[in-house]
Every structure is written in structure tokens, then in C-alpha cells.
Amino acid sequence: MEPVTIGALSVAAIFVLILLGFHIGVALATVSFAGAYLITGKFRVAVSMLQQTAYSAINDYVFAVIPLFVLMGLFATQAGATRDLFDSAEAMMRRVRGGLGVATVMANAIFAAITGVSVASAAVFSKLAVPEMDRLGYNRKFGLGIVGSSALLGMLIPPSILMIVYGVITEESIGKLFAAGIGPGLVVCGVLIATIFIWVRIDPSVVGKEGQAEINAAARGDTSRLSAILKLWPIVSLIGLVLGGIYGGWFTPTEAGAVGALGALILMIIRRRFSLSSTWRMLLETGQSVASIFFLLITAQMYSRMLTLSKLPDTLTQWAAHLDVPGVVILLAFLVILLVLGCIIDSVSIMLLTLPIMVPIAMQFGYDKIWFGMIAIITIELGLLTPPFGMVVFAMKASLPNDVSVQEIFMGVTPFFIALLIALAIIITFPQVSLFLPKLLIG
């Protein structure tokens, strides 16, 4: 059997194993090992590839950035950053019709610069924003849609775990990817806010008693508003230190993660939220999250090396280059594949499975690697809102009362899903949205 044929069959085999319920990492390792053996005909070569990949795949200084940013997010949340962000955003927007929804989007955008994980944003703001929306009489589906759609900012606004993974897969600068995510993140944020305002203008009843809440807020005066806004400065300073340090050339992204984690720990101590038991729990949670990601990265490297042996990526790249179709057709086909996979597989797994094949083809058609990364990440994130997998939806369900159904959340996010597709179209049409800042800040 030809190596290319083995490579193609291996891709199909992985999806079959996933549909049968195998863990994605186990499926990648098993198929990669079998594929290497079939291509070379030597069992020893397959074993050697397994051994070398397990050691070398994550034996790099840059991989320390993942646990450090995860730890920074956990420390900042323990310090009360999420509540402060939400209170401050609500205080600034309380006199605006639909302001609580807009505040949720704004708070999610800032929180994204701390956590870098959409599922975490969905879980946290389900507990913070949804009860407040219920108190004001917001339409339940409208409120759930706001929380679910704005949670996607977690993986788009830097620092982002998906950007780090993309940088590792494509050997692209993580600092440039972080800079590239700011423009698309602001576009998505702006489209969501515009959607809220338009919806409220068409149907004011979706925000319930928020008009009365504005009167009550005005009666309390501006003191609470000012104090809530002032509570924001430690979080903004922490974000500014981390991102400013990267773009200012003071330290690398890995060092920025360490500085951010230390800063969040100091903030936790200053606010008297530090305890040995909670710190130990957060360290364990960080270890569990990072172990899962690293296992996927190791098995994905095995998969990538097996594909290289099979010469499947080179063959597909040459085949696509000779197709008599515009490059945009190939691009749209890739996006459809990523969106469909998002219905059944988690974000990191999708990137590890598809990008070793897609990125070389995209570059063959002249597409910028950083720009392609941004639209790929947004498309993969959209899959977090789609059934049957919908990780963001299920994270919300786990954090909400039992009277909120999964179907209700899916229905709530559907209109905002359409708005997010519009945002994606804007970012595709205007590549400079993604490329302007990397060129300006890093060159």
C-alpha cells in the first residue's frame, strides 16, 4: 500500500475512533503508531517515533506559557477579578437600555485577557450575569444568548490557549498571534454589542424592567458607580503589564505568563483571598488542565510526524495548487470543515487534527499564516455553540439552575451565532483587521 494511501486512511480511522468514543489523544497515538509501522514496515521505527515524540514534543521553553497563563487566570478569578469586572461594566452601562447585556460582553472581553479559555468564561458569567438578568426581567433566551456568544471572546482576545497551540503547530511567533487577536476580538465585541442594541430597539420587552433599574441606579447617585469603576484598575494594570511587556519587548510570552501569575497571586494576597487550601486546589486544577493539553500535543506531534512520513500534506498541497478554482473556494471549504468538526470535537483537538494539512495548502494559495490562524480560531470557536457537542453550552448548563434546559441555551445563542458569522465575514474580507497590529507592534 502506498504511503499516501496509508496517510489518507489514517485520517479516516481517527474520526471513526472518535465517533466510537475513543479519547482523541488515544486515537491519535494509536493510529499514528500503526501508520508509522505500515509505512516503514519496521516495528522498531514506530516504537522509536513514540519514544522520541513523547520526550521532544513538549521539551521546549515555550510550552511553559500554557500552565502559567492557566494559573494566572485561576489566581485572578480567586482574587475576585471576575466580579469586579462585571460590577464595573454594569456601573458604566446601567443607564443604557440593554446595558446589562452590553456590560456582560465588555466584562467578558476583559476577562478574556486574563483566562484565555472560553469554557471558563461561559461558566463564570452564567453564575454572575444570568441571575442579574433574571432579576431585571430579561428575556431568558436573550440573556443566555449574550452570555454564550460573548464567552467566545475567551479564546480570541490574548492571551489565548488556542493561539499558543496554533503557534506551536505552525512555528509562528506567539507574540504576533497575540497581537493579531486584538483586532478580531474588538470586531466580535462590537458586532455583539451592536446586535444587542438593535434587538432592544426592535423589541424593548427583552430587557424587562431595566428602565426601572436605571431610575433606581440614578437614585443611588454616582458614588457606587465611581467606586465600582475604581475597582477595575488592578485588573487592567495586570493585563497591561502582561501584554505591554510582550509588545514592549521587556519579556517573552513565557516570561509574561510568569509575571502575570505572580501579579495575580499578589493581588489575591492583597485582597485577603489567599489560603493554602485554595492555592493547592488551583495548582491541582492547573496540573489537570495542562496534563490534558500536553497529552494532546504529544499525540498530535506523533500524528504530524506520521503524516510527514506518508507525504500526504505535500501531495494534497500540490493537488490543491493545481485545482482550477479560486483560493477563496478552498478557504471556504476549510471553514465549513472546521465548523462541522466543532459540532463533535473540542477546539484543541480540531486544530491538532486539521491544521497540519490545512495551513500548508492555505499558504500555497498565498494566504497569510497569521490571518488564516485568526479566522480558523474564530470558526472553531463557533463550533462551541453548535449541537450536539457545544462545550460552551454544556458549561453554561452545568453552572445554571436545573430549570434552564440545554435546548433553551441553544435557541438563545442562535441569533448571536448569526451575528458572529457576520463578524467572521468582516475579518475575512479585511485581513488588515488581523495583520495591522502585529506589523505595528512587532514588525
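Worth pointing out:
- Residue count, segment 237-277 (criterion: over 15 Å from Ala76 (Cβ atoms), more than 23 Å from the chain's Cα centre (by Cα) and surrounded by 19 or more Cβ atoms within 10 Å (Cβ to Cβ)): 0
- Just one of the listed residues (Val105, Val119) is over 21 Å from Leu283 (Cα atoms), touching a helix residue (DSSP H, G or I) at 6+ places or on another chain (Cβ under 7 Å) and not basic (Lys, Arg), and it is Val105.
- A search for C-beta distances below 7 Å between a residue of segment 431-443 that is closer than 21 Å to Gly249 by Cβ and any residue that is among the acidic types (Asp, Glu), counting only pairs 6+ apart in sequence or on different chains, returns Leu435/Asp368.
- All of (1) closer than 26 Å to Gly260 by Cα; (2) of a type outside the set (S, T, N, Q); (3) surrounded by 21 or more Cβ atoms within 10 Å (Cβ to Cβ); (4) at pLDDT 85 or above hold for Phe142 with one exception: (1).
- Selected residue [surrounded by 19 or more Cβ atoms within 10 Å (Cβ to Cβ), touching a Gly at 6+ places or on another chain (Cβ under 7 Å) and either without any contact (Cβ under 8 Å) to a residue 24 or more places away in the chain or polar (S, T, N, Q) (or both)] from Thr386, Thr354, Thr379: Thr386
- Enumeration of residues in segment 16-43 that are buried (at least 19 other Cβ atoms within 10 Å of the Cβ), among the hydroxyl-bearing types (Ser, Thr, Tyr) and out of contact with any Ser or Thr (no Cβ under 8 Å at 6 or more places or on another chain): none
- Odd one out for Trp199 among (1) aromatic (Phe, Trp, Tyr); (2) in contact (Cβ under 8 Å) with a residue 60 or more places away in the chain; (3) closer than 13 Å to Leu100 by Cα: (3)
- Among residues of segment 379-395 being assigned to a helix (DSSP H, G or I) and over 16 Å from Pro415 (Cβ atoms), the one that is modelled with the highest pLDDT is Thr379.
- Of all residues in segment 133-148, none satisfies being part of a helix (DSSP H, G or I), among the hydroxyl-bearing types (Ser, Thr, Tyr) and in contact with a helix residue (DSSP H, G or I) (Cβ under 9 Å, 6 or more places away or on another chain).
- Any hit, segment 49-68, residues being over 30 Å from Ala34 (Cβ atoms), at pLDDT 80 or above and within 22 Å of the chain's Cα centre (by Cα): yes
- Residue in segment 242-277 that is farthest from Ile110 (Cα to Cα), counting only those that are small (Gly, Ala, Ser) and in contact with a helix residue (DSSP H, G or I) (Cβ under 6 Å, 6 or more places away or on another chain): Ala258
- From the options Ile409, Ile427, Ile442, residue that is out of contact with any Gly (no Cβ under 7 Å at 6 or more places or on another chain) and either on the phi < 0 side of the Ramachandran plot or modelled with pLDDT of 90 or more (or both): Ile427
The values are calculated or read from the model by the stated rules, or taken from the named source; none is laboratory data. Bear in mind the structure is a predicted one, so any value in this text is a computation, not a measurement. With ideal geometry, Cβ positions are generated from the backbone for all residues, glycine too; neighbour counts draw on all protein chains shown.
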